[in-house]
Amino acid sequence: RVQSETGASYSVSFEKDELLKMKDGIMTHNHPRGWGYPEKSLARIGNSFSPADIYLAVNWDLAEMRAVTPLYTFSMKRPKGGWGMSFENVKSIIESENKKLKKEFDKRIDNDTLTISQASVMHFHILWKRVSEKCGWNYSKAKTR
């Protein structure tokens, strides 16, 4: 079990010995921004993983990464055969899919079929759905309560 007490409001850092202990483990952490919005606000949903979350999971070979927001728990599970690619390949796929998604969202915002608030809440969830499909990973989003 690794528990870090160090970090800023929206980030945590780990020492190498802590990271080595995470191999094959499940990391659960909160994404606190959602708690800063009223209960009926769309932003209360919070965000799925940051790229740094997924880089940590792949680079240190975690079995699962979880992020908890006021309304949802996001999960990315390593397949039985492992993550299946190098950190650099994962980074390339994430950057490519992120760039495509930003263009799609910009176009929809310009066409008034998506608001900036909706795009902000949906962005990382859609990104991880696409990345997980490409990589053969198991991504999910479930109600927290």
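The values are calculated or read from the model by the stated rules, or taken from the named source; none is laboratory data. All values derive from a computational prediction rather than experimental measurement. Cβ coordinates were reconstructed from backbone atoms using ideal geometry, including for glycine residues, and neighbour counts include every protein chain displayed. Each accessible area value is taken on the protein alone, full model and side chains, heavy atoms only, with ligands, DNA and RNA left out. Shrake-Rupley method; radii C 1.70, N 1.55, O 1.52, S 1.80 Å.
Just one of (1) among the small types (G, A, S); (2) more than 14 Å from V12 (Cβ to Cβ); (3) loosely packed, with under 15 Cβ neighbours inside 10 Å fails for G34. It is (3).
Scan segment 99-145 residue by residue and report those that are without any contact (Cβ under 8 Å) to a residue 40 or more places away in the chain and surrounded by 14 or more Cβ atoms within 10 Å (Cβ to Cβ). I'd like the intermediate steps shown before the answer.
Step one: list which residues in segment 99-145 are without any contact (Cβ under 8 Å) to a residue 40 or more places away in the chain, which gives 99-116, 119, 122, 126, 129-130, 133.
Once the filter is applied, which keeps residues that are without any contact (Cβ under 8 Å) to a residue 40 or more places away in the chain and surrounded by 14 or more Cβ atoms within 10 Å (Cβ to Cβ), segment 99-145 yields L101, F105, R108, I109, L114, A119, M122, I126, K129, R130.
The number of residues in segment 15-37 being modelled with pLDDT of 80 or more and more than 23 Å from V131 (Cβ to Cβ) comes to 9. If the condition is being open to solvent by 30 Å² or more (accessible area, probe 1.4 Å), in contact with a helix residue (DSSP H, G or I) (Cβ under 8 Å, 6 or more places away or on another chain) and either of a type in the set (A, V, I, L, M) or at pLDDT below 95 (or both), then segment 61-84 contributes L71, Y72, G84.
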